[in-house]
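The values are calculated or read from the model by the stated rules, or taken from the named source; none is laboratory data. Keep in mind the model is a prediction, meaning the values are calculated, not measured. Here the Cβ positions follow ideal geometry from the backbone for every residue, glycine too, while neighbour counts run over all protein chains shown.
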Amino acid sequence: MHASFVELSKYLVLESKKGYNDKTIVGGFERLLPAWKTRAQDQGADEETIQYIVQKLDGYAKRSLDERKAIILDLTSYLQKPTAKTQQEEPGAIGHKAATCSPVVRSYQPKAVFAPITVIQGVGEKMALKLRKLNLRTLYDLLHYYPRRYNDYSRLTPIRDLQIGDECTISGAIQSIQKRKAKTSHLQMVEAIVGDGTGSIWITWFNQPWLTNRLNIGTQIVASGKVDRYMGRVCLNNPEWEPVNAEHLHTNRIVPVYPLTAGIQQKWLREKIFQAIHYWSERINDYLPESIRRDEHFPSLNEALKGIHFPQNQQALANAIERLSFDELFFMQLGVIRQKREWQALSAAVYSMDPDMLEKEIISLPYILTTAQRNALQEIQHDLASGNQMNRLLQGDVGSGKTVVARFAMEIVIRNGKQAAFLAPTAILAQQHFDTLSGMFWGDEILKKDEIALLIGDTPEKEKTEIRGNLAAGKIKLVIGTHALLEDPVEFQELQIVVIDEQHRFGVEQRSTLRMKGNNPHILIMSATPIPRSLNLTVYGDLDISTLTELPGGRIPVKTYLLFPQQKFIVYEKIKEQVEAGHQAFIVYPQIEGDEEEQNSLAVLDGYEQLVKKTFPQYRIGLLHGRMKQEEKDAIMTQFRNRALDILASTSVIEVGMDIPNATLILVEGANHFGLAQLHQLRGRVGRGDAESFCYLIPDEDSKMENERLKKMTQTNDGFELAEFDLKTRGPGDFFGTRQSGYGGLNLANISDIKLINRARIQATRLLETDPELQQEDHQALKYELENLWKARNGELS
Ligand code: ADP
Ligand code: MG
């Protein structure tokens, strides 16, 4: 079956499982259809089948339960038949309901720009295949394939005035031209002298011997390139050139330079994009409403596309970039705000707990909850009792105490007899959370032993089957696990709250798979990745946010030091001191093994050997890295937690969430190889108990001591400050999985451009206030664009 149909079939199966309530997809099947249809068409699925499906599902939301059931069953069996492609259905069965679909949506047909790229003259199937590697499939893709940079060849300079190093454009006549072989290589060279009346210049082209057929003495050309000097002569090496009387595309203007792939030439691509822009940009609708364009003083889409590819001048380029960046942020905001509105509208069961009982439990904790923890808990209680589905992000720096907050959230639901699932990114963490949480739930006699389960990949199959049975029967009230929880056979009787720890390891899809296993469960996402406040509105704009702003009291901030490689002995002394005092230490390496034979100080395997044989033969040392089997890793972690090991030599696998309060020192070898977010996470492995803790950062070379990130680490322990810093210096890539948001539209926009984000947000809010469903005729192009950019999200299941 074609992939598009496979995808749809999955939704159909889910829909039947969920009792045909049209909640399989946020916003209902009708929301999915336009984007699915385009995608299916793009991917070359059979058109008749597509049409059949679309018609069949038309107006699904308004059908009765029995009608829906019939539709889903019909479609399912239709798609399963091997002859589906040719099978015909009598029109009567579907025709009479066609009118239920909004006629406005029907009338908007933006198809033309989604035509395959082969509609462009000179792009055949063969080139289309190569272009796919650049993700260029449709005309639309090509129009929005923005240059990586520009060569400003817009200044025509008299040859007399050329300066070495200038990017220049000259115009002149060929005075002499000849072919020769290079002396030292097999290169074919063409050498010419071009004069313009003010002077003359040498031009050399490499490996284009055919040029001597095109260029003769007297031919007038325009050439652009960088002015160089060779053997005392002013020259241009391999310049772009065009005949004087042609329309200039590669010279004599601000020339766009595109990212390429094998088999695609810069000049060729530039020409194709030029063709596409000039023919198509006039023919496509500007999706941005006139009023917004006027408000923001933006050029039209047509002008902006011309401006970003072939700008007349720098100002036109700047205007185009601003407009197109705004568009990206605007559509992101529209999607996020719309999603939030939808979530806020989703009803969910109401859960609460006797406040006195809750307070008693809080008081009996071995510590006092911080104000931030109490506030977060209150917000969660409010969500759970609101009747609407909770979609909350609980963010707090490492060690801020998120787990206990989640515990109470789950307890409230569990005390009402319903089920909770806790999802962790790794087996080690799942195990750790299982230990902590089962300790709490058994200890307080909230749950019996067999009402809590751990489900990870390595759980023996027999046990898995048993757990699954008990989950489906509702005997297990709390399950803690990894991705294994997401697997198909896992079903719940009544899953009502899902907690996802360290969410940056999970994509939107996984989140929704789990969500789909319950009936509108409440969702709490926990992240130790501090998101700069400035980004709250974008990346997680669809979630409500609680922030644990403070670390539990009595905690002494971790002391951080940056040392030269030859100062390592200082750390070794400190490790001795800590271990002698009964504490434990982590030593972290950026690699598992070195590339060469010799000892590699960056590799954990080498480092471990060194530690065991030379540095600390007297101590018990463990080894941990990602290539070890799960049982081995678990065994080592358990040993370390039980203090059967003094030192753990590890890769960054310990980065996330590991809670060993007795560990007081972490040494990061080759620290310059880690990102700031990672370093901060690593440091968070210590300082979790009452004892003073230390973090040592050692780069692999003296010169790396100047590393801004390492310096910043010694200046602050505040994750939010580090995140802000990282965002400013490096962009959002490392800290924030923007791709995980499901939004495919960010190419140009700078996600830390708060001003532009705010403008986009204001306009998006205003628009959705006046037309929440985007039903107005003049919003159809916009709606279409929105669906298209949020394709991934559209498939999200509620
Ligand atoms: P994280 O937010 O990084 O997930 P944890 O929930 O693992 O943090 O908590 C870190 C440690 O702090 C745990 O050992 C936990 O028992 C302890 N803790 C949590 N809340 C408090 C508090 N209010 N006071 C003191 N210790 C606390
Ligand atoms: Mg945690």
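Give 115, 84 a once-over and let me know the one that is on the phi < 0 side of the Ramachandran plot, surrounded by 17 or more Cβ atoms within 10 Å (Cβ to Cβ), modelled with pLDDT under 85 and of a type in the set (Gly, Ala, Ser).
84
So which of 377, 423, 365 ends up being within 12 Å of ligand 1 (Cβ to nearest atom), at pLDDT below 95 and of a type outside the set (Val, Ile, Thr)?
Step by step, each of 377, 423, 365 is checked, and only 365 is within 12 Å of ligand 1 (Cβ to nearest atom), at pLDDT below 95 and of a type outside the set (Val, Ile, Thr).
For the stretch 347-362, what are the residues that are away from ligand 1 (no atom under 16 Å from the Cβ), in contact (Cβ under 8 Å) with a residue 40 or more places away in the chain and not in a strand (DSSP E or B)?
348, 349, 351, 352, 353, listed by residue number.
Among the residues of the stretch 652-659, is any among the β-branched types (Val, Ile, Thr), in contact (Cβ under 8 Å) with a residue 40 or more places away in the chain and farther than 18 Å from residue 433 by Cα? Before you say what the answer is, go through the steps one by one.
In the first step, residues of the stretch 652-659 are kept if they are among the β-branched types (Val, Ile, Thr); the result is 653-654, 656.
Applying the additional criterion that residues be in contact (Cβ under 8 Å) with a residue 40 or more places away in the chain yields 653-654, 656.
Then drop every residue that is not farther than 18 Å from residue 433 by Cα, which leaves none.
No, that holds for no residue.
Applying the selection to the stretch 121-156, what residues are buried (at least 17 other Cβ atoms within 10 Å of the Cβ), at pLDDT below 85 and assigned to a loop (DSSP other than H, G, I, E, B)?
Listed by number, the residues that qualify are 153, 154.
Quickly run through the stretch 400-420 and pick out the residues that are within 16 Å of ligand 1 (Cβ to nearest atom) and crowded, with 23+ Cβ neighbours inside 10 Å.
400, 402, 405, 406, 407, 409, 410, 411
Which one is farthest from ligand 1 (Cβ to nearest atom) among residues in the stretch 635-668 that are in a helix (DSSP H, G or I) and surrounded by 18 or more Cβ atoms within 10 Å (Cβ to Cβ)?
Among residues in the stretch 635-668 that are in a helix (DSSP H, G or I) and surrounded by 18 or more Cβ atoms within 10 Å (Cβ to Cβ), the one farthest from ligand 1 (Cβ to nearest atom) is 636.
For the stretch 381-409, what are the residues that are part of a helix (DSSP H, G or I), within 16 Å of ligand 2 (Cβ to nearest atom) and not aliphatic (A, V, I, L, M)? Walk me through how you get there before you give the answer.
Narrowing the stretch 381-409 to residues part of a helix (DSSP H, G or I): 381-384, 402-409.
When the remaining residues are screened for being within 16 Å of ligand 2 (Cβ to nearest atom), the result is 402-409.
Result: 402, 403, 407, 408.
So which pairs qualify, if the first residue must be in the stretch 278-301 and modelled with pLDDT under 85, the second must be among the β-branched types (Val, Ile, Thr) and surrounded by 17 or more Cβ atoms within 10 Å (Cβ to Cβ), the Cβ gap must be under 9 Å, and the two must be at least 6 apart or on different chains?
Final answer for the pair search is 279/120; 280/113; 280/120; 283/113; 284/113; 285/113.
Scan the stretch 428-444 and tell me whether some residue there is within 15 Å of ligand 2 (Cβ to nearest atom) and acidic (Asp, Glu).
yes
Can you tell me which residues in the stretch 710-735 are out of contact with any helix residue (DSSP H, G or I) (no Cβ under 6 Å at 6 or more places or on another chain), of a type outside the set (A, V, I, L, M) and modelled with pLDDT of 75 or more?
711, 714, 715, 716, 717, 718, 720, 721, 724
Counting only residues that are among the acidic types (Asp, Glu) and surrounded by fewer than 21 Cβ atoms within 10 Å (Cβ to Cβ), which one in the stretch 669-709 is nearest to ligand 2 (Cβ to nearest atom)?
If we take residues in the stretch 669-709 being among the acidic types (Asp, Glu) and surrounded by fewer than 21 Cβ atoms within 10 Å (Cβ to Cβ), then 690 is nearest to ligand 2 (Cβ to nearest atom).
Identify, from the list 554, 594, the residue that is buried (at least 16 other Cβ atoms within 10 Å of the Cβ) and modelled with pLDDT under 90.
Step by step, each of 554, 594 is checked, and only 594 is buried (at least 16 other Cβ atoms within 10 Å of the Cβ) and modelled with pLDDT under 90.
State which residue is surrounded by the fewest Cβ atoms within 10 Å (Cβ to Cβ) when the search covers only the stretch 207-253 and only residues that are in contact with an Asp or Glu (Cβ under 9 Å, 6 or more places away or on another chain) and assigned to a loop (DSSP other than H, G, I, E, B).
Of the stretch 207-253, the ones in contact with an Asp or Glu (Cβ under 9 Å, 6 or more places away or on another chain) are 221-227, 234-237, 248-253.
From the residues that got through so far, the ones that are assigned to a loop (DSSP other than H, G, I, E, B) too are 248-253.
Working: 248: 20, 249: 17, 250: 22, 251: 25, 252: 22, 253: 21.
Ranking the qualifying residues of the stretch 207-253, first place goes to 249.
Cβ-Cβ below 7 Å, separation at least six or inter-chain, first residue in the stretch 512-526 and touching a residue at least 60 places away in the same chain (Cβ under 8 Å) and more than 16 Å from ligand 1 (Cβ to nearest atom), second outside any strand (DSSP E or B) and among the charged types (D, E, K, R): which pairs?
If the second residue must be outside any strand (DSSP E or B) and among the charged types (D, E, K, R), the pairs left are 512/796; 517/491; 521/515; 522/383; 523/515.
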